[in-house]
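The values are calculated or read from the model by the stated rules, or taken from the named source; none is laboratory data. If you're wondering where the values come from, they're calculated on a predicted model, not measured in any experiment. All Cβ positions, glycine included, derive from the backbone under ideal geometry; neighbour counts span all protein chains shown.
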Amino acid sequence: MTTVNLRDMAHVLGVSLPTMRDLLRRHSDLPVIHRGATGSPWEFDPQAVVAFLVEKRADAERQRHVRAELVGQMRLELQRPADAGGLLPALTRLAEQFGADHGLSQAAVMDLQARLAAATERLERAVRCGSE
């Protein structure tokens with residue numbers, strides 16, 4: 001395995017040294033063989049770092065896709081008549097279904113439901129203010 005120092009890793013990635021340091025700050029799980037210190041250089045396996053960043057980019061793209069899908073599902077749900085309970089119960093059920101479809105943890109589903117409740121409250125407040 002060939003290893004490179006911080007400056008060379010930045011060069012391999014085609015980024016500046018400050019950008020490389022920023023990547024290290026943003027991704028605490030970035031694969032590092034040896035963290036640099038005074039008199040001791042950073043050491044990286046460039047193939048592992050590139051693979052890590054490719055996977056991070058793919059994860060981000062998957063998350064964008066999931067968010068876009070959720071927004072599309074919400075739009076469909078909002079076009080249907082709200083049942084007697086109003087908009088929030090429909091969104092709560094949608095979040096549960098979305099969580100089940102995408103393997104989200106119960107905590108993630110509950111967080112999504114809380115965010116939807118807050119957004120629904122803001123929407124209802126805006127509608128009330130607009131109708132006064």
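State which residue pairs qualify: first residue free of Cβ contacts under 8 Å to residues at least 24 places away in the same chain and surrounded by 15 or more Cβ atoms within 10 Å (Cβ to Cβ) and inside segment 1-15, second residue part of a helix (DSSP H, G or I) and among the polar types (S, T, N, Q) in any location, beta carbons under 9 Å apart, and separation of 6 or more residues or different chains. The qualifying pairs are A10/T19. The requirement of being more than 22 Å from R62 (Cα to Cα) and modelled with pLDDT under 70 is fulfilled nowhere in segment 109-123; no residue meets it. Considering segment 74-87, the residues that are surrounded by 13 or more Cβ atoms within 10 Å (Cβ to Cβ) and within 24 Å of the chain's Cα centre (by Cα) include one that is modelled with the lowest pLDDT, namely E77.
When you look at V71, is it of a type in the set (A, V, I, L, M) and at pLDDT below 90, yes or no? So V71 fits the description; yes. Of the residues making up segment 26-67, those that are small (G, A, S) and either outside any loop (DSSP other than H, G, I, E, B) or surrounded by 15 or more Cβ atoms within 10 Å (Cβ to Cβ) (or both) are A37, S40, A48, A51, A58, A60. State all residues of segment 39-54 that are in contact (Cβ under 8 Å) with a residue 40 or more places away in the chain and under 14 Å from L24 (Cβ atoms); if no residue qualifies, say none. Result: E43, F44, V49, L53. Only a single criterion out of (1) more than 20 Å from V4 (Cβ to Cβ); (2) at pLDDT 90 or above is not satisfied by R128, namely (2).
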